[in-house]
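Just below is one structure, and these are the notes that go with it.
The values are calculated or read from the model by the stated rules, or taken from the named source; none is laboratory data. Source: prediction; values computed, not measured. Reconstructed Cβ throughout: ideal geometry from the backbone, glycine too, with neighbour counts over all protein chains shown. Keep in mind that these areas ignore ligands, DNA and RNA; they rest on the heavy atoms of the full protein, side chains included. Shrake-Rupley method; radii C 1.70, N 1.55, O 1.52, S 1.80 Å.
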Amino acid sequence: MDGEDFGEEMSRRVQVRFVTKLNPPLKVPAASIAIPANLTRLGLSTVVNNLIQSGNPDWNQEPFDFLIDGELIRMSLEQFLLAKGISAEKILEIEYIRAVAPRKEEDASEHEDWVSAVDGSNARFILTGCYDGLGRVWDAPGSCSHILGGHSDAITSVSVVNQEGAESVCVATASKDRTLRLWKVHTEASLNSSVTIRAFKILRGHKASVQSVSASSAGDMICSGSWDCTINLWNTKELAADDNPVTVKKRKVNNQVEESQMEEEAVSTLVGHTQCVSSVIWPQPETIYSTSWDHSVRRWDVETGKDMLNIFCGKVLNCLDIGGEASALIAAGGSDPVLRIWDPRKPASSAPIFQFSSHASWISACKWHDKSWFHLLSASYDGKIMLWDLRTAWPLAVIDSHKDKVFCADWWRGDCVVSGGMDSKLRISSEIPIQ
């Protein structure tokens with residue numbers, strides 16, 4: 001039988017059995033059924049929804065995705081079987097999962113200027129940085145509880161540092177004014193209006209704009225990357241180490257002395273990049289990763305200050321994250337529309353193991369989902385955020401709620417994507433099922 005005859009034969013019917021790890025009422029009967037082999041993902045989703053509805057008349061239909069042998073189907077069933085050389089003579093086992101796409105767009109949170117940075121790592125709030133030099137804490141869409149005032153230029157990066165107590169969280173901001181600042185945010189019950197707070201510590205030492213800040217897993221230190229080509233490490237504690245003195249400054253307002261504001265220098269500096277250090281992340285106590293406009297991804301040993309891995313990409317790199325299988329995969333994006341993923345555990349680690357090419361412009365942000373080995377997001381100057389699954393080369397969903405360049409994006413509460421950009425809005429895309 002040649003390929004054309006085989007395709008015609010398949011387009012009639014194939015025997016399939018739908019299986020899932022989802023809980024009732026999302027389970028369908030285990031018996032095999034015959035379906036048209038030319039069904040696409042939409043048609044398969046209709047079949048599963050009808051099967052669920054037959055046992056639950058009140059069921060509201062929702063989209064599903066489908067896997068055969070662990071790979072997502074992104075073409076018709078017959079095309080998939082032909083491409084993979086899978087026989088249509090046997091009963092096919094097709095796993096279905098809830099489609100990874102937002103079900104809801106929350107109201108936008110307005111800023112006074114471009115939204116340059118966002119951190120969604122704390123479930124109680126969203127932290128943003130803005131070109132107006134202010135950081136903001138949002139406890140709900142449109143509800144700003146705290147304004148972080150003090151920088152003299154645009155904020156470029158923000159990071160939740162640690163959970164200090166039941167009602168207090170330490171956060172960090174980085175700015176084009178060459179400084180970083182540490183703040184204490186008290187997350188008690190929301191007030192009717194925003195509270196403006198001052199940093200408790202100013203970190204000085206970079207000789208150019210600070211582009212990125214990331215906290216260590218313990219929260220006792222942060223690292224920063226700068227246009228001066230260096231990475232600095234800083235203490236976050238209120239009291240500095242004996243060998244790293246601080247300057248304490250106080251100011252008077254209406255003849256009243258306000259609480260002190262400390263200034264501190266870097267604990268150490270990592271040198272090796274030859275151009276702007278665009279992104280840093282500190283995923284393990286002993287290891288920092290960085291990307292640079294010098295086209296490299298580097299892994300640093302914190303104790304020795306040496307770079308232990310240097311991956312040359314050939315492109316200016318803007319963003320970086322570590323996650324996936326065993327929290328070991330490197331995702332990075334830059335001055336082309338390609339999101340690249342490396343596995344540094346492989347001998348030939350300079351070659352990406354995945355490349356996703358659906359964006360139309362520079363990639364500005366990428367972030368792994370912290371509960372999944374497969375899922376991550378990317379944001380781009382093309383105005384889109386894309387949700388990815390390593391089991392397919394096509395995006396699972398495209399979020400286009402922004403009307404201009406997207407500068408930053410993150411996951412929030414496990415099922416939301418938060419993002420900001422040139423439209424001066426914080427957007428929240430919610431009810432995204434990740435399993």
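Only lysines eight or more places from K90 in sequence, or on another chain, were considered; none has a Cα closer than 17 Å. Within the stretch 47-106, the trypsin sites (Lys or Arg not before Pro) that combine a DSSP coil assignment with at most 11 other C-beta atoms in a 10 angstrom radius are K90.
Rolling a 1.4 Å probe over the protein heavy atoms of the chain, with every protein chain left in place, gives an accessible area that is 48 percent carbon and sulfur. Within the listed set A360, A331, A348, the Gaussian network model of the chain (springs between alpha-carbon atoms below 10 Å) gives the highest mean-square fluctuation for A348. When you filter the GluC sites (Glu not before Pro) in the stretch 71-131 for DSSP loop state and at most 15 other Cβ atoms inside 10 Å of their Cβ, you are left with E89, E112.
Of the beta bridges in the stretch 2-98, as assigned by DSSP with both residues counted there, near 70 percent are antiparallel. Partner lysines whose Cα lies under 29 Å from the Cα of K237, excluding those fewer than 8 positions away in the same chain, are identified as K176, K184, K201, K207, K249, K250, K252, K306, K367.
Per the Debye calculation on the stretch 2-98 with a single equal scatterer at every Cα and no solvent contribution, log₁₀ I(q)/I(0) for q = 0.22, 0.25 Å⁻¹ amounts to -1.14, -1.43. Only Cα pairs within less than 10 Å get springs; with that Gaussian network setup on the chain, which residue of L317, L72, L39 has the largest fluctuation? Highest fluctuation of the listed residues: L39. Debye sum, Cα scatterers, the stretch 94-217, no solvent: what log₁₀ I/I(0) at q = 0.14, 0.16, 0.20 1/Å? Log10 of I(q)/I(0), two decimals: -0.60, -0.75, -1.10.
Heavy-atom accessible surface of the stretch 104-430, averaged per residue, reaches 41 Å², computed with a 1.4 Å probe.
The helix-based estimate of mean residue ellipticity at 222 nm for the chain, built from -39,500 (n - 2.57) per DSSP H run of four or more residues and divided by its residue count, is -2000 deg cm²/dmol to the nearest 500. Spin-label model, R17/E110: points 7 Å from Cα along the beta carbon direction are separated by 5.8 nm.
Looking at the stretch 397-435, none of the chymotrypsin sites (Phe, Trp or Tyr not before Pro) sits in a DSSP loop with at most 12 other Cβ atoms within 10 Å of its own Cβ.
Using only alpha carbons, the chain has a radius of gyration to Kirkwood radius ratio (Rg to Rh) of 1.04. Heavy-atom accessible area with a 1.4 Å probe sorts E188, E263, largest first, into E188, E263. Comparing K306, K346, K207 in a Gaussian network model of the chain (Cα springs below 10 Å), the most mobile by mean-square fluctuation is K346.
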